[in-house]
1. Quick one: A:GLY82 ticks every box in (1) farther than 14 Å from B:GLY396 by Cβ; (2) open to solvent by 20 Å² or more (accessible area, probe 1.4 Å); (3) within 8 Å of chain B (Cβ to nearest Cβ) except a single one, so which number is it?
2. Here are some conditions: (1) surrounded by fewer than 21 Cβ atoms within 10 Å (Cβ to Cβ); (2) within 30 Å of B:GLN450 (Cα to Cα); (3) not acidic (Asp, Glu). B:ALA154 meets all but one. Which one does it not meet?
3. Which condition number does B:PRO486 fail, the rest of (1) modelled with pLDDT of 80 or more; (2) open to solvent by 10 Å² or more (accessible area, probe 1.4 Å); (3) part of a helix (DSSP H, G or I) being met?
4. Is it true that some residue in the stretch C:200-209 is within 7 Å of chain B (Cβ to nearest Cβ), open to solvent by less than 10 Å² (accessible area, probe 1.4 Å) and part of a helix (DSSP H, G or I)?
5. Test A:LEU77 against the stated conditions and say whether it is under 30 Å from A:LEU102 (Cβ atoms) and either at pLDDT below 80 or within 7 Å of chain B (Cβ to nearest Cβ) (or both).
6. Would the stretch B:468-480 turn up any residue that is facing chain A (nearest Cβ under 8 Å), more than 21 Å from the chain's Cα centre (by Cα) and not in a helix (DSSP H, G or I)?
7. Determine whether the stretch B:439-460 contains at least one residue that is free of Cβ contacts under 8 Å to residues at least 24 places away in the same chain and in contact with an Asp or Glu (Cβ under 9 Å, 6 or more places away or on another chain).
8. Name, by its number, the condition in (1) within 22 Å of the chain's Cα centre (by Cα); (2) at negative phi; (3) at pLDDT below 80 that does not hold for A:GLU64.
Amino acid sequence: MLAGLLLALVGVAAWQVTVIPVSPMYAEVGATLVPAVVTGLLGLLCLIYAVLAALKRVPDATVEPGQEPLPGSMKRLAFFAGACLVFTGLVAHLGFWLAGTLGAAGVARAFDAPLGLRTLAGSAAIALAFWALFALLLGIDLGPVVPGLGATSS
Amino acid sequence: MDAFDALMQGFATALQPSVLIYGFLGCLVGTMVGVLPGIGPALTIALLLPLTFKAPAVGMFVLFAGIYYGAMYGGSTTSILLNTPGESATVMTAVEGNQMARRGRGGAALATAAIGSFIAGTIGTVALTFFSPWVVEAALKFGPAEYFSLMVLALVAVTAVLGSSVLRGLISLCAGLLFGLAGIDLQTGQPRFTFGQAEMLDGIEMTIAVVGLFAVGEAMFLAWQGRETRRHELHRLSGKVSLTKDDWKRSWKPWLRGAFIGFPIGSMPAGGAELPTLLSYYTEKRLSKHKEEFGKGAIEGVAGPEAANNAAAAGVLMPLLTLGIPTSATAAVILTAFESYGLRPGPTLFTEQGGLVWTLIASLYIGNVILLILNLPLVGLWVRLLRIPAPWLYAGIIVISAAGVYGASKSAFDLLLLFGFGLLGFAFRRFDFPVAPLIIGLILGPMAEQSLRQALTISMGNYSTFVTRPLSAAILCIAVALLVLPALLRWRDRRRRLIK
Amino acid sequence: MQKHRRSFVKAAAASGLLAGLSPRAFAQGAPMFDTINMFVPAAAGGGWDGTARAIEAAAKGAGLVGTFQFENVGGAGGMVGLPRFVNQRKGQGNALMVGGSVMVGAAITNKSPVTMRDVTPIARLTEEAGVIVVPTSGKVQSWQDLAAAIKSNPKAVSVAGGSAGGTDHQLLGLIIKALGGNPKDAAYVAFAGGGPANAAIIGGQVVAGISGYSEFQEQITAGRMKALAVSGTKRIPGVNVPTLLELGVNVTAANWRGVFAAPGVNADQRAKLEALVTRMHASAGWKDALQKRKWTDVFLAGEGFAKEIAKSIAETEAVLKDLGLA
């Protein structure tokens, strides 16, 4: 399965190599040679991998005994990915605190924390604490903590 | 004036309480910055630059020195305990260090890292004090051809981290090389792999890739597994933070070797701190009597690279102070600070501003001691980090990672890139691909390509430049020997056995 | 600088941790502006950032502005930051952006849809001439030798400088053209940042080097590099190096920096910002900064500056076409 994805990546890379504009400037080795070589190499390796995987010579995924996922793995992953996307999408609009709270709660949920007030409160505390650490103590601007408030000024 | 006398005067200034407090503050901030993934010393010093209009020069530079060294110390902590290096120079530490932590030896790993950092940092500072001019002259002999050969040597060293499957390791390496090529091509100004995004023009920010692949990827993998919340007996740490006699015996040589690999490469104008950690790891793996432990938590694999990256940090200051040439992001920012005081680092700085330079160097010694005192007790505290319940620990890690990346760029694009790399890191772990080669490819790829093309432009397209320049040829010979010799030796052994 | 190529940091002048260390300047009378939003399209710590911070120090010192809010969006010679400034600050009369000739070239080579034409020029502040150097350990030691070598075969004369298409590269292209060669044949070796370029030159890895004078100043003083020519219209004060014009090469180029206002500001807002920058330029703090950092003062406000920009864009386009980059 991964082999397929990798080959798709190689395809995209190969297309991008052809898109590199060729400069008429003097250069012994142009801008395209190395990308082309690396893409070719990666393509070859992925092809070998895909063939071996298809022939079941190399397991596509190896799982150490005792390390296989517990049931509900996809649901946990979905919460995790959702948290990341929610944070990315909202941080500019809701401020770092609210977006961070939602993000942290989603990640906590992905680690089996119950979806309740306690989780939300804990997440809010984490987001606020790190906002304070970065913005107030280290002087790194993360935008307002909530919209329209807390923008640092000199 | 004798270097030693001057240094003593520097100590006299640096030990004044009003200056010492800056040093202490710097070490504290530096350690903090090092521990937090995503923000590094360059960014922190840049943020403090406006203060140079207000504070005295001596205090500021002592502060910056503290931050610089402190970040190098702090960086190892999260790599070891949580497998989440915050910057590329500590990736190698994560490889062995986290395995140690998983086997309940996190305390020992942190201790060997802290003591190794101290020893290598001190060796580096001594070398900086007394040997700068010679080391810098030697480093200047390195032109693009030599750098390319050095990259070839590094690619040989990568074999040490390919993991269980060579094929998977190579795929990971190639993917890294490919990612490394993204952005505007330095030699011709052509955009490559940018998909028309302005944000991609400067390539993939190393910090984003490292934090995404390790911190986010690791958390995602553990969430997928769902075992972390029930792990109580698993990778619990023994509270012991001291080194056993055996640990000392196995650590001291890697510390010294790491220092001697890190310092010269750090002082090279395009050396950096990542290359020495890789070469040190490779050396230790080759020389170790416990080869079977590598990949499963060998203490040498933590001691060597940690020492190497701290020695490299001292090395970077050498071209900065003696020639006024910044060779890393942090050095470039420190150079700006010099400029805003109307100072130009370089050969004339020692004669015109001797007092300031020697105070700075003295404060590096003092900073090293402060950091050791600060960090050894902290080891116990850091280890307790792992007792935080999994949901809060990983929610915290994700929030910090996102804050670091967002704070550095305030761009949603970078956040997407961070989580994209997280997804890739997850897929790599899920399908048992090693991540370290990808990071190394990301670092080596652009360096190797640019130095190859610089060398060829200089030699008018003559590929023989790599073997006709003696230094470059010597490095290539070493690389070939390292690649071929083990195979030859094995072949000889087998033949002997056959004859018998 | 590779690891830290893009960064976007809005820093309070004093971070909270060290706030206690920063005494506030006393304002004399009411300031012209309570707040100025200063936009820097480069990472903290670079040249544009330094200019912006010096403006801040001078303007606050003279009591012209209450506070400055900084915003740094680095990357691609300003091409990541410029569109953001244009979009976010449209019509705002208290926003300023620092920029310069690097931006002109970057907009052309990157075919950026947003260019310097989209912002409102306020004033040019400083400029720095380029300098052509050779390592003192090298074979070529005079301008005549270098010019002869370039004339016979430019591909054999490797020249180190900043990234391809940048001001250093453009200057080399102009010189080769003036000497009768084809700029596309330049054996230009691009280095990431001044550090590695400096090292390659004094290490004798290349025949010559080109960059801003301050980039090489220290090495020239120390006798590791020999300056052969400078690219300004006049010699740099206190520096005994002939200009290209004196050497019979009809090339002048300088890397200038200035400040811009947002697009869509009205005439009053523009006049007020121009007055601010003019008064800032006259302040003692600015004179001090110029002297300390060895910047050449080329103050030019208003329409004159706008004309200069138009000229600069046209010239840069021509050079980059010759180099094959536009």
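The values are calculated or read from the model by the stated rules, or taken from the named source; none is laboratory data. The shown structure was predicted, so the numbers you read here are calculated from the model rather than taken from an experiment. Cβ sites come from the backbone with ideal geometry, for glycine too, and all protein chains shown count toward neighbours. When the accessible area is computed, the model is the full protein with side chains, heavy atoms only, and any ligands, DNA or RNA have been set aside. Shrake-Rupley method; radii C 1.70, N 1.55, O 1.52, S 1.80 Å.
1. (3)
2. Result: B:ALA154 fails condition (1) only.
3. Just one mismatch for B:PRO486, condition (1).
4. yes
5. Numbers: under 30 Å from A:LEU102 (Cβ atoms): yes; either at pLDDT below 80 or within 7 Å of chain B (Cβ to nearest Cβ) (or both): yes.
Judged against the criteria, A:LEU77 is a match.
6. No - not one qualifying residue is present in the stretch B:468-480.
7. Taking the stretch B:439-460 as the starting set, the residues that turn out to be free of Cβ contacts under 8 Å to residues at least 24 places away in the same chain are B:456, B:460.
Narrowing the set further to residues that are in contact with an Asp or Glu (Cβ under 9 Å, 6 or more places away or on another chain) leaves B:456, B:460.
Yes.
8. The failed condition is (1).
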